[in-house]
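What follows is a set of notes on a single structure, which appears directly below.
The values are calculated or read from the model by the stated rules, or taken from the named source; none is laboratory data. Predicted model, so just to flag it, every value in this text is computed and none were measured. Backbone-built Cβ (ideal geometry, glycine too); neighbour counts: all protein chains shown.
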C-alpha cells in the first residue's frame, strides 16, 4: 500500500507544478500585453529661444574671405616671376610677365595695316567726291557713282576690321603683364621662369587674409535661430587665448543629405597682433556671443517639415507641440505668415520656448509619449543679450 500512495502523491505534485507554471505563463503574457510601448524618439526644436545656440560650440576651419587664382589670359613664355611664397604684396603689384615680342610684333603689323587702310579710305572717299557731281550732271552714268560709293564703303569696312584687330592685339599685349587685383599674401607659385604656359594656366594663388571666414554646420533644429544671432566668438586651437569677434554673413538654404545640417558662413577680421596671425586651414570653435532675444520673441519660425494640415484636406495648419513635463504631444492649430530665411513664420498658436516636432511626426497620435532630443533636458546657459 505504501508504494501506490507514494506514486499518487508524486502525480498530484507534478500536476500542481504544471498548473502553477501555466498560471505564471499566463500572467507573464498578460503583463507583456499590458506593458506600455517605449517612447517614440522624435526630432524637435525649441522655437523662439535663441539662447539655445549659446549652448553649442561649432567646429570650423579658417579660410581667407577673398582669394584669387591668378592666370594669364594669353599663352607664352614666362619672362619674369618676381614674387615668392609668403610674400605680402599690394594691389597692382606685378606678379609675372610673359615674353611680349610676338604680341608686340602683331601690334606693330596691325598698326601699319591700319595706316594703309586709312590711306585707302581717304583715296576712295576723294574719288567718290569727284565722281558724284559728274554723275548728277549726267556726264557719268549712275553705275559709275554706285561703284565709287561701294569702293568707299568697302574701304571704311576694312578700316573698322583692322582697327578691331589692332585693339585685340593691344589687349593681348597688355595681358602679358599679370598684376595683383588686391592686397594679399602669395601662398603658391606654380610655374618657373622661361616655362611655356597656356592661357588660363594657374600662375599664382593670392589670399587676402585681412578678413577671414569659416563655415560651420548647424543642425536643422537650430537653423531658424541663426538670423537672430548678434555676434560670434571664435577661438582657434593654435592660439587658445585669442578670441575674435565674428558675424554671420551667409546662411545655407539646403541641408546636407548625410548630416541634415546647414552650412553657415562666419566672417571675422584678422587679429591685429601679428604674433597671432590666423592662417587658412587653422581649426577653431565658434560660439554665439550675443543674440537679439527681443526679436526672437517676435519672430517664431518653424521649418516647413514641421507644418501639416490640422485635418487631412482642410486649410487650417498645425504642428505637434511637446509638453516637456509629460513628454506628450498635442496637435495644435497655428496661423502662419510669410516664408522667411530658415522656414515659415508663425503668427499665432506658438509661444517662445515651446518644443515643436520637426521630424518623426507622420505617425504620431494625440497624447502619445515621445522622447525629446538630449538638449531639451539641459538647462539653458545665459548668452549675452538674452534674459538669464
### Query
Has the range 132-150 got any residue that is surrounded by 13 or more Cβ atoms within 10 Å (Cβ to Cβ), in a loop (DSSP other than H, G, I, E, B) and at pLDDT 95 or above?
no
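Listed here are the residues, each with its yes/no results for (1) over 16 Å from residue 59 (Cβ atoms); (2) in contact with a strand residue (DSSP E or B) (Cβ under 7 Å, 6 or more places away or on another chain); (3) at pLDDT 90 or above; (4) surrounded by 16 or more Cβ atoms within 10 Å (Cβ to Cβ).
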| site | (1), (2), (3), (4) |
| --- | --- |
| 185 | yes, yes, yes, yes |
| 195 | yes, yes, yes, no |
| 202 | yes, yes, yes, no |
| 217 | no, yes, yes, yes |
| 221 | yes, yes, no, yes |
| 245 | yes, yes, yes, no |
| 251 | yes, yes, yes, yes |
| 269 | yes, yes, yes, no |
| 275 | yes, no, no, no |
### Query
Is at least one residue of the range 308-319 loosely packed, with under 14 Cβ neighbours inside 10 Å and in a strand (DSSP E or B)?
yes
### Residue list for the range 120-131, restricted to those being surrounded by 14 or more Cβ atoms within 10 Å (Cβ to Cβ) and within 60 Å of the chain's Cα centre (by Cα)
120, 121
### Query
Quick one: which of 278, 300 is in contact (Cβ under 8 Å) with a residue 12 or more places away in the chain and within 15 Å of residue 213 (Cβ to Cβ)?
278
### Query
What residue, among those in the range 35-65 that are closer than 13 Å to residue 291 by Cβ and part of a loop (DSSP other than H, G, I, E, B), is modelled with the highest pLDDT?
56
### Message
It is to be established whether one or more residues within the range 275-287 are in contact with a helix residue (DSSP H, G or I) (Cβ under 9 Å, 6 or more places away or on another chain) and either outside the structural domain of residue 340 (by TED's automatic domain parsing) or under 28 Å from residue 43 (Cβ atoms) (or both).
### Response
yes
### Query
On the given criteria, is residue 169 free of Cβ contacts under 8 Å to residues at least 60 places away in the same chain, crowded, with 16+ Cβ neighbours inside 10 Å and in contact with a helix residue (DSSP H, G or I) (Cβ under 7 Å, 6 or more places away or on another chain)?
no
